[in-house]
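For reference, the structure discussed in these notes is given below.
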Amino acid sequence: MKDVFLFLIEQLNSAVFILLFILGVLFWLAIKFGSWIEKQSGHDKRIDKFESRLDILPALQERINIIYENFQKNPLVATHSPLDLTKEGQKLSEQLKIKEIFEKYKEILIKSFKKPDNFNAYDVQKQSFDLAINYLKTKLENEDEKILKNTAFERGILLDDILSIIGIHFRDFLLNKYNFKVSEIDSHDPTKK
């Protein structure tokens with residue numbers, strides 16, 4: 001076999017040999033490129049599979065929050081619906097003067113409140129907590145943030161737990177403003193239907 005190959009090389013001029021070599025390299029590159037494309041399509045399938053599971057993350061987060069709230073030693077907000085302050089939450093609210101902090105940031109929260117079409121008491125509660133916990137956290141002045149974070153640290157709780165007290169005050173303010181009753185929250189809760 002080796003003799004045949006050497007004979008062919010001797011018979012071929014160098015241009016033909018270079019062309020054959022180039023064809024061999026191109027064939028090898030085509031195989032490598034094909035395997036790379038196959039690998040990428042496998043990654044695309046995995047990404048699509050992962051993205052299809054992202055819709056369950058909010059439900060998981062809600063369940064994790066419920067577990068966290070149920071295992072807290074002294075929760076600030078009662079987990080039953082409609083949400084309300086526990087005795088510990090009322091005590092902390094008075095100690096930190098949460099109503100005064102709420103009044104200080106009330107206008108910022110009101111401007112951020114998006115009144116959806118056909119909204120109800122449940123929508124008010126959901127959005128008021130979301131704004132108090134997620135949005136207000138970014139708007140707190142350094143002094144207020146320091147006080148709230150230090151208190152959270154000292155008590156071994158999350159800053160979100162303290163901000164949920166502000167969420168209750170904001171919810172109650174909005175319910176009053178839009179003439180809803182706290183008791184109406186459960187009638188519109190999608191998990192209660």
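Annotations for the structure displayed:
- Spatially proximal lysines relative to LYS111 (Cα-Cα < 21 Å; intrachain offsets below 8 disregarded): LYS99, LYS126, LYS137, LYS139, LYS177
- Placing pseudo-labels 7 Å out from each Cα toward the beta carbon at SER112 and PHE21 gives an inter-label distance of 6.8 nm.
- Estimated from the Cβ-Cβ distance and a Förster radius of 35 angstrom, the FRET efficiency linking ASN179 and ARG53 is about 0.30.
- When the Cα positions of LEU163, THR151, GLN127 are compared along the charge dipole of segment 125-189, GLN127 comes out farthest toward the positive end, with charges on each C-beta of Lys, Arg, Asp and Glu.
Any read-out appearing in this document is the output of simple, stated calculations on the displayed coordinates, not a laboratory observation. What you see is a predicted model; the values in this text were computed from it and never measured. Cβ sites come from the backbone with ideal geometry, for glycine too, and all protein chains shown count toward neighbours.
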